[in-house]
Amino acid sequence: VAKQSGRARWEVYQDEYRREALHRISVEAELRGAVERGDFVLHYQPIVELSSSEVIAHEALVRWQHRERGLLLPGEFIQVCEDTDLIVGLGAWVIREAVAFLARHPELPGRVYVNVSPRQIGRSDEGLGARGLARTVADALAEAGVSGDRLGIEITESGVLQATDLARADLDRLTELGVVLVLDDFGTGYSALSSVLQAPIRGLKLDRSFTIRLGDGGACDRISTAIAALVDSLSSHGVVEGIETEEQRRLALAHGWTHGQGWLFGHPEPEHALGLPTAGQSQRVPATRRALRTRA
Ligand code: C2E
Ligand code: MG
Ligand code: MG
Ligand code: MG
């Protein structure tokens, strides 16, 4: 009996495994089509000065505009992309889109930061010489006529720690374009500090897993204070992620942080909801209508 139920369990397990594998394959196929068509949209979340709530930059966050399922968050698809080369095509789309957004909004305060996966860094395409992220970024900037000092890249520690010589050269070239690199989700990896030495990192973002524990009067508060001091001594920029309450803002300020991001200040929103002046409005309104309007 035991043997039989063991076998039954094994079959259930195999069934489940097969279903999951099939699901993954179909998601991957669907995503491949979506990347080819560009069925995605970027939402932008403000990064603010904690003391004044003044917007000093934005982070671009990708969403999949799924034909049947509606708008999907990265949690539903980014891992599949990162496990395959799909992230390279999607990542290039994200960069072009963010740069085009910058071109439409010259008045935007500060930089737009895009998230980049380790797989996008230090690639060299056969026969074409070094291509990599810096080349993708340089092409996008040139095409849109946007300066590199308006763009930032968020990268996780694993992206920096896995850096080969080729990857390191790619990151160096990015900074030559005026683009800055910041470490995302700081504190969630291991060997966080050595990653700061392995790439030209200009800032770091304290992961939300710390933010939700701020005010514990113990380890989290002390770590937060120590990292803020470290950021300061490295003359880099620090951002506290996932601030949802006034209490968290107050604590982050008390610990020495200057910048933050989170629902307290603004959710990620599509371009049209950001309250920015419509790009090229004057050019798009036909001359005759413009004349009528000025007379009215
Ligand atoms: P992340 O880069 O750490 O982005 C912050 C995430 O926290 C975003 O989730 C954002 O919507 C969410 N968030 C912001 N403020 C708050 C808050 O106050 N409370 C809570 N609970 N959450 C907040 P989202 O948009 O679902 O993105 C998840 C992750 O997906 C990102 O984490 C990033 O690692 C990845 N991702 C997003 N866009 C891209 C992309 O274009 N390329 C790559 N490679 N990864 C991306
Ligand atoms: Mg990020
Ligand atoms: Mg983050
Ligand atoms: Mg995160």
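The values are calculated or read from the model by the stated rules, or taken from the named source; none is laboratory data. Quick caveat: nothing in here was measured; it's all calculated off a predicted structure. All Cβ positions, even for glycine, are placed from backbone atoms using ideal geometry, and neighbour counts span all protein chains on display.
Looking only at region 141-152, decide whether some residue is surrounded by fewer than 22 Cβ atoms within 10 Å (Cβ to Cβ) and within 15 Å of ligand 1 (Cβ to nearest atom).
No, there is no match, as no residue in region 141-152 is surrounded by fewer than 22 Cβ atoms within 10 Å (Cβ to Cβ) and within 15 Å of ligand 1 (Cβ to nearest atom).
Can you pull out the residues in region 40-65 that are over 20 Å from L251 (Cβ atoms) and either hydroxyl-bearing (S, T, Y) or surrounded by fewer than 16 Cβ atoms within 10 Å (Cβ to Cβ) (or both)?
V41, Y44, Q65
Suppose we keep only residues that are in contact with an Asp or Glu (Cβ under 7 Å, 6 or more places away or on another chain) and within 16 Å of ligand 2 (Cβ to nearest atom) within region 194-223. Which one would you say is nearest to V160 (Cα to Cα)?
Quick first cut of region 194-223, residues in contact with an Asp or Glu (Cβ under 7 Å, 6 or more places away or on another chain) only: 195, 200, 205-208, 211, 214-215.
If we keep only those that are within 16 Å of ligand 2 (Cβ to nearest atom) as well, we get 195, 205-208, 211.
Numbers: S195: 6, K205: 15, L206: 16, D207: 17, R208: 20, T211: 23 Å.
Only one residue fits best here, namely S195.
Return a yes/no flag: does region 21-39 have any residue that is touching a residue at least 60 places away in the same chain (Cβ under 8 Å), assigned to a loop (DSSP other than H, G, I, E, B) and surrounded by fewer than 21 Cβ atoms within 10 Å (Cβ to Cβ). So that I can check it myself, show each step before the final result.
To start, the set of residues in region 21-39 that are touching a residue at least 60 places away in the same chain (Cβ under 8 Å) comprises none.
Within region 21-39, none of the residues are touching a residue at least 60 places away in the same chain (Cβ under 8 Å), assigned to a loop (DSSP other than H, G, I, E, B) and surrounded by fewer than 21 Cβ atoms within 10 Å (Cβ to Cβ).
Quick one: in region 51-68, which of the residues that are within 16 Å of ligand 3 (Cβ to nearest atom) and among the small types (G, A, S) is nearest to T258 (Cα to Cα)?
A57
If only one of E241, E271 is within 18 Å of H43 (Cα to Cα), touching a helix residue (DSSP H, G or I) at 6+ places or on another chain (Cβ under 7 Å) and more than 14 Å from ligand 1 (Cβ to nearest atom), which one is it? Walk me through it before giving the result.
On the way: E241 fails: more than 14 Å from ligand 1 (Cβ to nearest atom).
Step by step, each of E241, E271 is checked, and only E271 is within 18 Å of H43 (Cα to Cα), touching a helix residue (DSSP H, G or I) at 6+ places or on another chain (Cβ under 7 Å) and more than 14 Å from ligand 1 (Cβ to nearest atom).
Run down G189, G217 and say which single residue is under 21 Å from I243 (Cα atoms), part of a loop (DSSP other than H, G, I, E, B) and away from ligand 1 (no atom under 15 Å from the Cβ). Step through it out loud before you land on a result.
On the way: G189 fails: away from ligand 1 (no atom under 15 Å from the Cβ).
Matching residue, one of G189, G217: G217.
Can you work out which of the residues in region 177-186 that are closer than 19 Å to E241 by Cα and among the β-branched types (V, I, T) is nearest to ligand 2 (Cβ to nearest atom)?
Looking at the filtered set, the residue picked out is V182.
Return the only residue of G242, G238, G217, G159 being modelled with pLDDT under 95, within 16 Å of ligand 3 (Cβ to nearest atom) and not hydrophobic (A, V, I, L, M, F, W, C).
Working: G242 fails: modelled with pLDDT under 95; G238 fails: modelled with pLDDT under 95; G217 fails: within 16 Å of ligand 3 (Cβ to nearest atom).
G159 is the lone residue from the list that is modelled with pLDDT under 95, within 16 Å of ligand 3 (Cβ to nearest atom) and not hydrophobic (A, V, I, L, M, F, W, C).
I want to confirm something. Restricting to region 193-214 and keeping residues that are assigned to a helix (DSSP H, G or I) and at pLDDT 90 or above, which single residue is nearest to ligand 3 (Cβ to nearest atom)? Full working, then the answer.
Taking region 193-214 as the starting set, the residues that turn out to be assigned to a helix (DSSP H, G or I) are 193-198, 208-211.
Those left that are additionally at pLDDT 90 or above: 208-211.
On the way: R208: 7, S209: 10, F210: 11, T211: 11 Å.
For region 193-214, the residue satisfying everything is R208.
Any residue at all in region 109-119 that is in a helix (DSSP H, G or I), crowded, with 19+ Cβ neighbours inside 10 Å and hydroxyl-bearing (S, T, Y)?
Checked against the condition, which is being in a helix (DSSP H, G or I), crowded, with 19+ Cβ neighbours inside 10 Å and hydroxyl-bearing (S, T, Y), region 109-119 yields no hits at all.
What about L61, is it outside any loop (DSSP other than H, G, I, E, B) and touching a Leu at 6+ places or on another chain (Cβ under 6 Å)?
In short, no.
Given the criteria out of contact with any strand residue (DSSP E or B) (no Cβ under 8 Å at 6 or more places or on another chain), touching a residue at least 12 places away in the same chain (Cβ under 8 Å), within 11 Å of ligand 1 (Cβ to nearest atom) and of a type outside the set (S, T, N, Q), does E59 qualify?
Judged against the criteria, E59 is not a match.
For region 158-181, which residues satisfy the criterion of being under 15 Å from S194 (Cβ atoms) and part of a loop (DSSP other than H, G, I, E, B)?
Those that are under 15 Å from S194 (Cβ atoms) and part of a loop (DSSP other than H, G, I, E, B): Q162, A163.
Is it true that S26 is at pLDDT 95 or above, among the hydroxyl-bearing types (S, T, Y) and away from ligand 1 (no atom under 12 Å from the Cβ)?
Numbers: at pLDDT 95 or above: no; among the hydroxyl-bearing types (S, T, Y): yes; away from ligand 1 (no atom under 12 Å from the Cβ): yes.
Criteria not met by S26.
Could you look through region 92-121, keep only residues that are more than 17 Å from Q45 (Cβ to Cβ) and within 16 Å of ligand 3 (Cβ to nearest atom), and pick out the one that is farthest from the chain's Cα centre (by Cα)? Show your work before the answer.
Kept after step one, since they are more than 17 Å from Q45 (Cβ to Cβ), are these residues of region 92-121: 92-93, 95-96, 99-100, 103-104, 106-107, 117-121.
After this cut, where a residue has to be within 16 Å of ligand 3 (Cβ to nearest atom) as well, the list is 117-118.
Details: S117: 9, P118: 12 Å.
Step by step, filter region 92-121, then rank; the result is P118.
How many of the residues in region 164-186 are farther than 21 Å from I47 by Cβ and among the aromatic types (F, W, Y)?
Of the residues in that region, 0 qualify.
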